[in-house]
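Coordinate-derived values only; no laboratory data. What you see is a predicted model, and the numbers here were worked out from it, not measured in a lab. For neighbour counting, all protein chains shown are included, and Cβ atoms are generated from backbone atoms with ideal geometry for every residue, glycine included.
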Amino acid sequence: MRVAVVGAGVVGLSTTAELLRRGVDVVCHERAGGPMAQRSAGSSRIFRLAHPTPDLVRLAQAAREGFGRWEQASHTAMIAPGGCVISGDQVPGWAAAMAAAGAAHEIVDGRSGRLRLPARRPPSAALVDPSGGVIDVDAVRAHLIEVTSGAVVQDHVYALEDTPTGATVWSSAGTARFDAVLLTAGAGTSPLAAQVGIYTPPALAHHVRFTFPVDPAVSWQCWIDKPSAGLATYQHRSGPGRWAVGGSIDPGQVAWEAGRDAATAASRDAVLRYAREHLAVEPRVVDTLYCVTTPGLADGFEFRRHGAILAVSGENLFKFAPLLGEVLAEACTGGSTPAVADLARR
Ligand SMILES: Cc1cc2nc3c(=O)[nH]c(=O)nc-3n(C[C@H](O)[C@H](O)[C@H](O)COP(=O)(O)OP(=O)(O)OC[C@H]3O[C@@H](n4cnc5c(N)ncnc54)[C@H](O)[C@@H]3O)c2cc1C
């Protein structure tokens, strides 16, 4: 069997790795100069079991086991423990989801000594996910590049066609026929999927995360804060003496039409103002990480198929990457279209 994976982000690479492990002939086409340079760029992400539904909590549990296998194979730690704290209106709902999935968690008073946050004013209550932590993206990238070596080619895929016996891929390298095609092209998925009649959310938006200098000795937990008023943020350590903060900016200011420069400036203003008012960090941006996101999608993912072509959409996929690799490899070789609810019950 011959499989084409379009896009060498963390999802495409994880799937390529799993297909190779199963002995499948796979080519991963990446249009950029190197892998994991778009939505999967940077050096850190948050891992958490905490999610709004029991199914997503269960899938994150399975993904954590997958990271464990990668850690064993590469002899490298990939998730720095420390926990993840959730605050804001979603605390009761997310705590209930964790309870239903049997995941360890705790609801604590915002002034509890169990919280280690950079907050100038503590949240009223918080959900502590002790399994959460910071994903070392550099370690994941190094592992995936090593195990997919030889299968990733620099190649821009322009067009697809479903055929009675598989699919044809047109790319900068020419035309090739495959038994199955997987679209894990991130922001590039929707226009390719549409060519074969698969709908994935097409809208795009700008997102920028900012990093501030902090005392390297601090051991703050990852923090997701969605207050009823004010800026919703996610924050975490991003290397020694670095604290990364991303915010949910007014959608109009980061809409695709606003343009990258204006969206970056608006995001910077909002996050800097927030950092000055709410955080015990030096309000000086030392790093920015830009990416193109799909607005309206939160946690989780969806798969859609037409014939031999399977497309993936979703946001915040990094924490699910090892699980997605396994599930998608199985779906490519077996011709299935997995649903989140079924996966969570496996
Ligand atoms: C600032 C930021 C913070 C984040 N925080 C978190 C977090 O804390 N936790 C978490 O779990 N997730 C987080 N995410 C989300 C997570 O990083 C992404 O969901 C994940 O990396 C997406 O991976 P992907 O493989 O789907 O997409 P991508 O990494 O974008 O990969 C798609 C690839 O396809 C290639 N491509 C596109 N079109 C074509 C084409 N036509 N031909 C060939 N190649 C093509 C692109 O060049 C790209 O390399 C964050 C993202 C950002 C940017």
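See the values below:
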item	result
Estimated [θ] at 222 nm from DSSP helical runs (n ≥ 4, -39500 (n - 2.57)) normalised by residues in the chain, nearest 500	-9000 deg cm²/dmol
Coordinate range along principal axes, alpha carbons of the range 155-279, Å, largest first	59, 33, 26
Square roots of five times the Cα gyration tensor eigenvalues for the chain, Å	35, 22, 19
The range 19-76: Rg to Rh, with Rh as the Kirkwood radius over Cα pairs	1.04
Burial order of peptide ranges 83-95, 223-235, 67-79 (average beta-carbon count within 10 Å, highest first)	83-95, 223-235, 67-79
Gaussian network model of the chain, Cα within-10 Å springs - most flexible of Leu49, Leu144, Leu297	Leu297
Among Tyr290, Tyr158, Tyr274: highest mean-square fluctuation, GNM of the chain, C-alpha pairs under 10 Å	Tyr158
Charge dipole of the chain about the Cα centre (unit charges at C-beta), most positive-ward option of Ala203, Phe301, Ala119	Ala119
Centre separation in Å (Cα based) which lies between the range 30-79 and the range 82-108	20 Å
Rounded tilt (10° steps) of 137-147 against the dominant C-alpha axis of the chain	20 degrees
Once the Cα gyration tensor of the range 227-284 is diagonalised, semi-axes √(5λ) in Å	21, 14, 10
Top of Ala176, Ala63, Ala41 by mean-square fluctuation, Gaussian network on the chain, Cα under 10 Å	Ala176
Förster-model FRET efficiency, 30 Å R0, Ala77 and Gln195, C-beta, rounded to 0.05	0.15
Length added when fully stretched, Ala217-Ala176, from 0.36 nm per residue minus Cα-Cα	9.4 nm
Radius 13 Å from Cβ of Ile309, net charge of other residues (Lys, Arg +1; Asp, Glu -1)	0
Percent antiparallel among DSSP beta bridges (both partners in the chain, rounded to 5)	70 percent
Cβ-based exposure ranking for Val157, Val181, in which fewest neighbours within 10 Å come first	Val157, Val181
Those residues of the range 176-220 whose amide nitrogen sits under 15 Å from the label point placed on Ala339, 7 Å along Cα→Cβ	none
P(r) of the range 120-188 over all Cα-Cα pairs, binned every 10 Å from zero, in whole percent	14, 28, 23, 15, 13, 7, 0
Once the Cα gyration tensor of the range 229-325 is diagonalised, semi-axes √(5λ) in Å	30, 18, 12
Spatial separation of Cα centroids for the range 146-191 and the range 275-346, in angstrom	19 Å
Normalised contact order of the chain, rounded percent, pairs of Cα under 8 Å and 6 or more residues apart	24 percent
Angle between the chain longest axis and helix 321-334 axis [Cα atoms, degrees, rounded to 10]	20 degrees
Relative pair counts by distance (%), Cα atoms of the range 1-154, 10 Å bins	11, 32, 29, 19, 8, 1
Dipole magnitude of the chain about its Cα centre (Cβ charges: Lys, Arg +1; Asp, Glu -1), debye to nearest 20	560 debye
Size of charge dipole - the range 92-171 - debye, nearest 20, with Cβ of Lys, Arg +1 and Asp, Glu -1, no other charges	740 debye
